[in-house]
Amino acid sequence: MPKVIGIERVASYLPEQRLDNLARTTEFGVTQEWLESKLGFFQVARKGVEEDTSDLAAKACAKLLDSGVPSESLECIVVVTQNPDGFGLPHVAAAVHSALRARNDCVCFDLSMGCAGYVYGLSVVKGLMESNGLKRGLLITADPYSKIVDTSDRDTAMIFGDAATATLLGSDPVWEIGDCDFVTDGSERDALLVGEDRQLSMNGRAVFNFCASTVPESVKRACSANGVGLGAVDKFLLHQGSRYIVDTIAERLGAGDRGGFYAANYGNTVSSSVPLLLENNVGPTDRLLALSGFGVGLACASTLLRRVNDEGGECHDQ
Amino acid sequence: MINEADVRDAIKGVAGSDTAMQIPVEETFADAGIDSLDHTNILLRLQERHNLVVPDEALDECSSINGILAFAQRQEDATGGG
């Protein structure tokens, strides 16, 4: 019988540099009240100009491995990104493999997904490891949108922050990964698009409509598939697209303060936003977590995490 | 066919009871303090509850209660509904 693979630990790297949205309200014609109650982001994290995607990824991995995980024990490295190093070839996972001095038989590849990517990645890596008898692997998210955001574009410049996370998956998990629910509406794929100018454009209305109508139903299906009612969920870890979208989805789920917004000081970090919540915003008494990521595609993926043992430690590096 | 009460109900769910009751039918949402996010949310509620699909090109027209009702009437007329 193959061992069941789950989440053992999460670590992250948030660049220290921030862009201050409060200082840009006049430039973008918005009020501080709107910033606080609707957008939600006072600051967005920015990587250094010398840092590339694999550097962010490697720094998140270093924090994870510093807590006692030898890189020689890694059997797979999967990186969720749509903004790889340089011109996109080779894959970021190969650069991380080199930075970590991982084994040559370590499975390495990138997964091209946006804000829904973490849940997709959990499902892919869990399946890959279980079907191949792998015992220890890394799921990395590193998608610095500062590479593609036009700093003068009001629709996107105040939203996206840079970050990376590293999740250790293995056979001695803190969190068991449940069945997942996946949604794609490719007819709306242009709602988040990088065009010929290599810059991101966003149809906020289309994105909002997809998220508000699709995500709550996806979360409900994921809970149902795992035999859990919404009332039993301790925390809803919702992709931090903006305060408004998190509040809207939480309201439609009846989540109350179980579905919070926590990204005010670093921004929408794309596929890193859900693992950042898992690392920093889950308490020792939280036992059932509903995760949902949503965005580029337009796509959505939801799942349930169940704490494996009652005594279980916290899911981050100490 | 949606009516004024339906639109006010959608406004209530997004912007609260006071705004929903007090906004004049001809006043634009922006003038009533309803921003573009709330405007989008109001139209989504009308779409989900009453199948009123407002394309992006008609957003400006549908920026007041009267505007929405006029748009809905035209849609009704165009599809031969009664």
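The values are calculated or read from the model by the stated rules, or taken from the named source; none is laboratory data. These numbers were taken from a predicted model, which means no experiment stands behind them. Don't worry about glycine lacking a Cβ; one is built from the backbone with ideal geometry, like all the others, and counts go over all protein chains shown. Just so you know, the surface numbers come from the protein's heavy atoms only, side chains and all, with ligands and any DNA or RNA stripped out. Shrake-Rupley method; radii C 1.70, N 1.55, O 1.52, S 1.80 Å.
Inspection of the stretch B:1-8 finds no residue satisfying the criterion of being of a type in the set (Gly, Ala, Ser), open to solvent by 20 Å² or more (accessible area, probe 1.4 Å), within 14 Å of chain A (Cβ to nearest Cβ) and over 20 Å from B:Asp77 (Cβ atoms).
Candidates are the residues of the stretch A:174-196 that are free of Cβ contacts under 8 Å to residues at least 40 places away in the same chain and of a type outside the set (A, V, I, L, M); the one that is farthest from the other protein chains (Cβ to nearest Cβ) is A:Glu196.
Pairs linking a residue in the stretch B:58-80 that is within 18 Å of B:Lys12 (Cβ to Cβ) to a residue that is outside any helix (DSSP H, G or I) and hydroxyl-bearing (Ser, Thr, Tyr), with Cβ atoms under 7 Å and 6 or more positions apart or on different chains, are B:Ser63/B:Thr28; B:Ser64/B:Thr28. Give the stretch A:31-45 a look and list any residue that's aromatic (Phe, Trp, Tyr), part of a loop (DSSP other than H, G, I, E, B) and either open to solvent by less than 10 Å² (accessible area, probe 1.4 Å) or free of Cβ contacts under 8 Å to residues at least 12 places away in the same chain (or both), or say none. Result: A:Phe41, single match. Only a single criterion out of (1) within 12 Å of chain A (Cβ to nearest Cβ); (2) over 19 Å from A:Phe210 (Cβ atoms); (3) loosely packed, with under 13 Cβ neighbours inside 10 Å is not satisfied by B:Thr79, namely (1). For the residues A:Ala45, A:Ala60, the requirement of being at pLDDT 95 or above, under 16 Å from the mean Cα position of the chain (by Cα), of a type outside the set (S, T, N, Q) and closer than 18 Å to A:Leu168 by Cβ singles out A:Ala60.
One residue alone among A:Glu188, A:Glu279, A:Glu217 is more than 30 Å from A:Arg46 (Cβ to Cβ) and among the acidic types (Asp, Glu), and that residue is A:Glu217. Candidates in the stretch B:44-61 are the residues that are outside any helix (DSSP H, G or I) and within 12 Å of chain A (Cβ to nearest Cβ); of these, the one that is least open to solvent (accessible area, probe 1.4 Å) is B:Val54. Of all residues in the stretch A:290-308, those that are outside any strand (DSSP E or B) have Cβ atoms under 6 Å from Cβ atoms of residues that are of a type in the set (Asp, Glu), 6 or more apart or on another chain, in A:Leu298/A:Asp185; A:Leu298/A:Glu188; A:Val308/A:Glu176. Those helices (runs of 4 or more DSSP H) of the stretch A:50-144 in which at least 2 residues are under 30 Å from A:Thr214 (Cβ atoms) and in contact with a helix residue (DSSP H, G or I) (Cβ under 8 Å, 6 or more places away or on another chain), considering only elements entirely within it, cover A:53-65, A:117-132. Counting only strands (runs of 3 or more DSSP E) that sit completely within the stretch A:155-196, those holding 2 or more residues that are in contact with a Lys or Arg (Cβ under 6 Å, 6 or more places away or on another chain) and surrounded by 16 or more Cβ atoms within 10 Å (Cβ to Cβ) correspond to A:164-170, A:175-184.
Scanning the stretch B:10-30 for residues that are out of contact with any strand residue (DSSP E or B) (no Cβ under 9 Å at 6 or more places or on another chain) and surrounded by fewer than 18 Cβ atoms within 10 Å (Cβ to Cβ) gives B:Lys12, B:Gly13, B:Gly16, B:Ser17, B:Asp18, B:Thr19, B:Met21, B:Gln22, B:Ala30. The set of residues in the stretch B:10-43 that are away from chain A (no Cβ under 14 Å), in a helix (DSSP H, G or I) and modelled with pLDDT under 95 comprises B:Ser17, B:Asp18, B:Thr19, B:Ala20, B:Met21, B:Gln22.
The requirement of being in contact with a Phe, Trp or Tyr (Cβ under 9 Å, 6 or more places away or on another chain), part of a helix (DSSP H, G or I), within 14 Å of chain B (Cβ to nearest Cβ) and open to solvent by less than 20 Å² (accessible area, probe 1.4 Å) is fulfilled nowhere in the stretch A:267-285; no residue meets it. The residues listed here are A:Arg205, A:Arg221; of these, the one that is touching a residue at least 60 places away in the same chain (Cβ under 8 Å), part of a helix (DSSP H, G or I), of a type in the set (D, E, K, R) and open to solvent by 10 Å² or more (accessible area, probe 1.4 Å) is A:Arg221.
Taking the stretch A:1-30 as the range and being more than 27 Å from A:Thr248 (Cβ to Cβ) and either more than 18 Å from the chain's Cα centre (by Cα) or open to solvent by 50 Å² or more (accessible area, probe 1.4 Å) (or both) as the test, the residues that pass are A:Met1, A:Pro2, A:Lys3, A:Val4, A:Ile5, A:Arg9, A:Glu16, A:Gln17, A:Ala23, A:Thr26.
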